[in-house]
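J.: Structure in structure tokens, see below.
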Amino acid sequence: MTAVHAGPDTGQGGAARPETLAAGLDEDARRWLEQARAEAAAQAPGWEPRFAEAGRRCGPADDARVLLLTAARPDPADLTRLYRQGTAAERRAVLLALPLLETDPAHGVPLVEDALRTNDTSLLAAALGDYAARHLQAHTWRHAVLKCLFTGVPVSRVAGLASRSRGDGELARMLRAYAAERTAAGRAVPDDLHHVLALTEEER
């Protein structure tokens, strides 16, 4: 299982502002990123290789890749291809960019759902940002919260957790069933489960 990374590589909520990101890069990396963003904005043929190259050029590269995606604004087919053909890090950047690109749920939700089927916890965390909070159907979202508990992704990474959990009786039922299974097996119940269960008991 892939561990959840800390720091900008798996941050939620989209990329840093260009000037904030650039401030943490050396001169060569800043120059490279400026050129790559210009190529992406112009839809130059070489911008997609730049997207892949960002990890080597900019270190922890989620923010850099999201900046390239928001500059290029690829159409749904190209965005889906970048996700499907990408490495785990490239897929993570696509997931983080979805709300910034205002991606139609018909195209973005299948990418989120694909990430939720994996056991890569960095993808799970990236998938459960603002875009999922707005667009995932209740059944899928509930199972995503349970998967966080299964895999150790902190529920603090789930955008909109409080508002979507509040008064959700079905989620409460699922949480209690999972807690009972763990107790019966002599295993500890995660603190995060108690936290989410308390949210479900709040009135809408």
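The values are calculated or read from the model by the stated rules, or taken from the named source; none is laboratory data. Everything quoted here is computed from the prediction, not taken from an experiment. Backbone-built Cβ (ideal geometry, glycine too); neighbour counts: all protein chains shown. Side chains included, ligands, DNA and RNA excluded: accessible areas come from the protein's heavy atoms. Shrake-Rupley method; radii C 1.70, N 1.55, O 1.52, S 1.80 Å.
J.: Would you point out which residue out of LEU68, LEU79 is of a type outside the set (Ser, Thr, Tyr), touching a His at 6+ places or on another chain (Cβ under 8 Å) and buried (at least 17 other Cβ atoms within 10 Å of the Cβ)? Before you say what the answer is, go through the steps one by one.
T.: Numbers: LEU68 fails: touching a His at 6+ places or on another chain (Cβ under 8 Å).
One residue alone meets the criteria, LEU79.
J.: Which residues, counting only those in segment 110-137, are more than 12 Å from the chain's Cα centre (by Cα) and not in a loop (DSSP other than H, G, I, E, B)? Write out each step before concluding.
T.: At the first step, the residues of segment 110-137 found to be more than 12 Å from the chain's Cα centre (by Cα) are 110, 117-119, 134-137.
Hits for segment 110-137 are PRO110, ARG134, HIS135.
J.: Something else now. For segment 115-127, give me each residue that is closer than 12 Å to ARG92 by Cβ and in contact (Cβ under 8 Å) with a residue 24 or more places away in the chain. Please lay out each step first, then the result.
T.: Within segment 115-127, the first condition is being closer than 12 Å to ARG92 by Cβ, and the residues that meet it are 115, 118, 120-127.
Passing the criteria: ALA115, ASP120, THR121, SER122, LEU123, LEU124, ALA125, ALA126, ALA127.
J.: OK, next. Could we say that ALA144 is in contact with a Leu (Cβ under 9 Å, 6 or more places away or on another chain), of a type in the set (Gly, Ala, Ser), in the same structural domain as VAL196 (by TED's automatic domain parsing) and under 23 Å from HIS195 (Cα atoms) here?
T.: Working: in contact with a Leu (Cβ under 9 Å, 6 or more places away or on another chain): yes; of a type in the set (Gly, Ala, Ser): yes; in the same structural domain as VAL196 (by TED's automatic domain parsing): yes; under 23 Å from HIS195 (Cα atoms): yes.
Answer is yes for this residue.
J.: Separate question: Of the residues PRO60, PRO45, which is under 30 Å from LYS147 (Cβ atoms), at pLDDT below 95 and not aromatic (Phe, Trp, Tyr)? Spell out the reasoning first.
T.: Working: PRO45 fails: under 30 Å from LYS147 (Cβ atoms).
PRO60 is the lone residue from the list that is under 30 Å from LYS147 (Cβ atoms), at pLDDT below 95 and not aromatic (Phe, Trp, Tyr).
J.: Now, a different point. Do we find that ASP114 is over 26 Å from ALA42 (Cα atoms), surrounded by 17 or more Cβ atoms within 10 Å (Cβ to Cβ) and of a type in the set (Asp, Glu) in this structure?
T.: For ASP114, the condition - over 26 Å from ALA42 (Cα atoms), surrounded by 17 or more Cβ atoms within 10 Å (Cβ to Cβ) and of a type in the set (Asp, Glu) - is not met.
J.: Right, next: Somewhere in segment 159-169, is a residue assigned to a loop (DSSP other than H, G, I, E, B) and open to solvent by less than 10 Å² (accessible area, probe 1.4 Å)? Give the derivation first.
T.: The first filter runs over segment 159-169 and keeps only residues assigned to a loop (DSSP other than H, G, I, E, B), leaving 159-160, 166-168.
Narrowing the set further to residues that are open to solvent by less than 10 Å² (accessible area, probe 1.4 Å) leaves none.
Checking segment 159-169: not a single residue is assigned to a loop (DSSP other than H, G, I, E, B) and open to solvent by less than 10 Å² (accessible area, probe 1.4 Å).
J.: Take ASP130 and tell me if it is of a type outside the set (S, T, N, Q), touching a residue at least 60 places away in the same chain (Cβ under 8 Å) and open to solvent by 30 Å² or more (accessible area, probe 1.4 Å). Spell out how you get there, then give the answer.
T.: On the way: of a type outside the set (S, T, N, Q): yes; touching a residue at least 60 places away in the same chain (Cβ under 8 Å): yes; open to solvent by 30 Å² or more (accessible area, probe 1.4 Å): yes.
So ASP130 fits the description; yes.
J.: Here is a follow-up. Which pairs turn up if I take residues in segment 64-87 that are in contact (Cβ under 8 Å) with a residue 12 or more places away in the chain and look for partners that are open to solvent by 40 Å² or more (accessible area, probe 1.4 Å) and outside any helix (DSSP H, G or I) with beta carbon separation below 7 Å, at least 6 apart in sequence or on another chain?
T.: Taking only residues 6 or more apart or on different chains, the pairs are ALA72/GLN43; PRO76/ASP104.
J.: Yes or no: ASP63 open to solvent by 30 Å² or more (accessible area, probe 1.4 Å) and in a helix (DSSP H, G or I)? It would help to see each step written out before you state the result.
T.: Values: open to solvent by 30 Å² or more (accessible area, probe 1.4 Å): no; in a helix (DSSP H, G or I): yes.
Considered against the rule, which asks whether it is open to solvent by 30 Å² or more (accessible area, probe 1.4 Å) and in a helix (DSSP H, G or I), ASP63 comes out as no.
J.: Among the listed residues THR140, THR183, which satisfies the condition of being β-branched (Val, Ile, Thr), open to solvent by 50 Å² or more (accessible area, probe 1.4 Å), farther than 27 Å from ALA64 by Cα and assigned to a helix (DSSP H, G or I)? Give the steps one after another, and end with the answer.
T.: Details: THR140 fails: open to solvent by 50 Å² or more (accessible area, probe 1.4 Å).
After applying the criteria, what remains is THR183.
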